[in-house]
Amino acid sequence: MRQLSGAALTDATGCGTIRAMRKLLSCLLVLVFGVMAAQGRVKVASLHPLLSEMAQAVGGEQVEVVNLFPKGADLHTFNPTAADLARARDTALVLACGMGVEPYLDDLKDSLPSVSVVEPGKSIPPVYLPGTQQADPHWWNAPQNMKRASRVLMQELMSRAPAQKTVFRAGQKAYAAEMDALDREARVALGRLPQESRVLVAAHAAMGHFGKAYGFRQVAVHGIAQESEGDTATMARLLRSLRELRVRCIFTEATGSPRAMETLAGQVGAATRPLVMDGIHPEMRAYREIFNFNIRNIVDGLGQTR
Ligand SMILES: [Zn+2]
């Protein structure tokens with residue numbers, strides 16, 4: 001008892017007071033640094049590698065980007081796991097493509113009620129598949145759309161960290177300048193292609209935004225997703241149409257099996273070239289790299305004589 005009393009007495013005076021003060025000080029420091037960190041860096045989760053790159057470009061060191069899209073996954077079949085969602089729980093916002101690319105988005109919003117979901121795709125004017133009311137969701141295939149999306153992202157970041165407005169504005173300006181340069185370079189390269197060869201026969205309906213930006217007609221062999229299949233009558237009509245158009249090249253998925261498209265190309269006497277249509281490739285992470293890869297293959301494939 002005497003020992004306990006002594007300990008209690010010591011706590012109430014010298015050492016106990018110092019310990020309490022130290023504890024209070026360390027709590028205050030954590031609080032101060034936490035507020036500083038919260039004011040300085042915005043944690044952003046992203047559901048597409050190109051959006052991760054955009055967030056990093058616009059936010060610079062003032063954002064921390066958590067890429068939720070796993071390497072090697074398919075954009076149209078990916079569904080985030082509970083572990084993926086847990087990584088997004090303490091973020092300020094989740095960046096999604098929108099336009100129906102992420103059919104799981106409502107479930108994600110329910111799972112992360114305190115996190116804002118931002119869909120830059122909502123700011124992009126829709127491009128409908130010919131003869132349908134179905135909008136092509138692959139808006140990233142045109143740099144001017146990426147530029148527009150980066151403005152949406154900048155506003156979101158500014159509203160969360162107003163003290164860093166200058167940084168975000170400069171990041172977006174540099175990103176927009178890069179998109180303008182890509183757009184200009186693409187127009188020069190594509191300008192060599194004659195009007196009659198400007199037909200993009202692609203494995204899935206992913207080049208609508210590209211076609212609208214650069215004056216190409218899109219013929220989609222399948223639907224929006226890579227795994228969609230056409231029926232026999234549709235395929236027969238397609239073959240007739242491709243022969244009539246004297247299509248020079250058929251574009252395959254750079255990340256999928258080219259066999260079906262190669263067979264089709266053989267049937268109509270066309271060449272094949274790969275395109276990265278979903279903006280995702282295991283070796284190419286930068287938008288510039290992916291977009292230029294597509295431009296090179298389109299110019300090369302459609303520039304051939306028949
Ligand atoms: Zn796609």
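Readers should treat all values here as calculations from the given coordinates under stated rules, not as data from a laboratory. Just so we're clear, the structure is a prediction, and the values are computed from it rather than from any experiment. Ideal geometry is used to build each Cβ from the backbone, glycine not excepted, and the neighbour counts take in all protein chains shown.
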Hey, what did segment 41-185 get for relative contact order, percent, Cα under 8 Å, at least 6 apart?
-> 26 percent
Expressed in angstrom and rounded, the centroid-to-centroid distance over alpha carbons for segment 227-306 and segment 181-219 is 12 Å
Return the Rg/Rh value of segment 41-185, two decimal places, where both radii are evaluated on C-alpha atoms and Rh is the Kirkwood radius.
-> 0.96
Placing +1 at every Lys and Arg Cβ and -1 at every Asp and Glu Cβ, with all other atoms neutral, what dipole size does segment 41-185 have around its Cα centre, in debye to the nearest 20?
-> 540 debye
Cα-projected label distance for Thr77 with Thr166, points at 7 Å along beta-carbon direction, nm = 5.0 nm
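Can you put Phe216, Phe251, Phe291 in order of Cβ neighbours within 10 angstrom, beginning with the fewest?
Neighbour counts put them in this order, fewest first: Phe216, Phe291, Phe251.
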Separation in nanometres of the label points that stand 7 Å from Cα toward Cβ, at Arg198 and Thr132 | 2.3 nm
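Restricting things to alpha carbons, find the Rg to Rh ratio for segment 190-302 using the Kirkwood radius for Rh.
Using Cα coordinates only, the ratio equals 0.94.
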Which residue, chosen from Val58, Thr77, Thr91, occupies the Cα position most advanced towards the positive end of the dipole of segment 31-156, where the dipole is computed from +1 (Lys, Arg) and -1 (Asp, Glu) charges on Cβ about the Cα centre?
-> Val58
Cβ-placed point charges (K, R +1; D, E -1), dipole of segment 190-302 about Cα centre in debye, nearest 20 = 480 debye
